[in-house]
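Pasting in a structure now, in structure tokens, and then I'll have a few things to ask.
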Amino acid sequence: MSDIQRTTKYKLETLFGMDSGYVMNMNNREFEEFVCDETRLKIFD
């Protein structure tokens with residue numbers, strides 16, 4: 001689990017449009033590829 005407070009999490013979800021289950025209109029695979037391409041981090045490992 002993360003150490004992000006619930007209010008901060010809500011603000012981030014709203015900012016990035018994550019309340020629909022998608023992040024910036026990307027599904028999990030697309031988002032993972034985007035993050036990996038930009039940061040070389042595998043976020044779901």
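All of the numbers you see were taken from the coordinates with simple rules; none came from a lab. Computed from a predicted model, the values in this text were never measured in an experiment. Don't worry about glycine lacking a Cβ; one is built from the backbone with ideal geometry, like all the others, and counts go over all protein chains shown.
Name the residue farthest towards the positive end of the dipole of the chain from the options Met24, Thr14, Thr39, assuming +1 on Cβ of Lys and Arg, -1 on Cβ of Asp and Glu, about the Cα centre.
It is Thr14.
What three numbers, in Å, describe the spread of the alpha carbons of the chain along their principal axes, ordered from the longest?
29, 23, 15
I'd like the orientation of helix 28-39 relative to the chain: the angle between its Cα long axis and the longest Cα principal axis, in ° from 0 to 90, rounded to 10.
With rounding to tens, the tilt is 70 degrees.
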